[in-house]
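The values are calculated or read from the model by the stated rules, or taken from the named source; none is laboratory data. These numbers come from a predicted model, not from an experiment. Cβ coordinates were reconstructed from backbone atoms using ideal geometry, including for glycine residues, and neighbour counts include every protein chain displayed.
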Amino acid sequence: MPKYSPERTKARHEEIIDACEVLYQTMSFNEITLKDIGAKTTFTRTSIYNYFHTKEEIFLALLQREHQKWIVDLNVIAEANDDLSVQTFADRLAHSLESRVQMLKLMSMNLYAIEDNSRTENLISFKQTYGESIDALKRCVRKYCPDMSEDRIDTFRYEFLPYTYGLYPYTFPSDKQREAMTAAGIVVKNRSIYDMAYPCIVKLLKNC
């Protein structure tokens, strides 16, 4: 890769991720190409390869950025001076997910394929951020559920985080999915991310 200043390198890196994010608002993962992403940047498409080798790496970087934003949200909850009840803590945690729709949408994709088509160093960087999000979540639970042991906190984490991967598909079914479910006789109810997450979080915390 050409030698650029750290500031310029970071700016171009973020511009590519921004372009991917804009396209992902109206196009599916399968529809988006590197050419599409390149057309949204201020530099040549071939320059993208100086930063990302595959489309999957760009989506992985976008997901990493979303987790970084969620970490900020979790730290705000953990650093609050309030003495929260389990219900109020669950309320704030559910709202933190509701504000991270993009993260939940990305998590609902085939992460196995995205990670498999990303270079190891990119995957390690993502996993480090993902680990930081786990640590931030556990800090919240330790503060507001002080009687929970570390084993019980881990139990909550292993039950809660996999649940979050299904929130987006259940709350944002496509028109085609709605049509198919209706034709199959399945009642489709409109539920928000908060509506889905809050009662689940309360139950998981009380069961741990």
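Worth a mention:
- K10 satisfies every condition listed in (1) basic (K, R); (2) outside the structural domain of C145 (by TED's automatic domain parsing); (3) within 20 Å of S133 (Cα to Cα) except (3).
- Each residue in region 117-149 was checked for being part of a helix (DSSP H, G or I), touching a residue at least 60 places away in the same chain (Cβ under 8 Å) and more than 12 Å from F59 (Cα to Cα), and 12 pass.
- One residue alone among E98, E132, E159 is surrounded by 13 or more Cβ atoms within 10 Å (Cβ to Cβ) and over 30 Å from C20 (Cα atoms), and that residue is E159.
- The residues of region 171-194 that are in a helix (DSSP H, G or I) and either surrounded by 15 or more Cβ atoms within 10 Å (Cβ to Cβ) or in the same structural domain as Q25 (by TED's automatic domain parsing) (or both), listed by number, are T171, I193, Y194.
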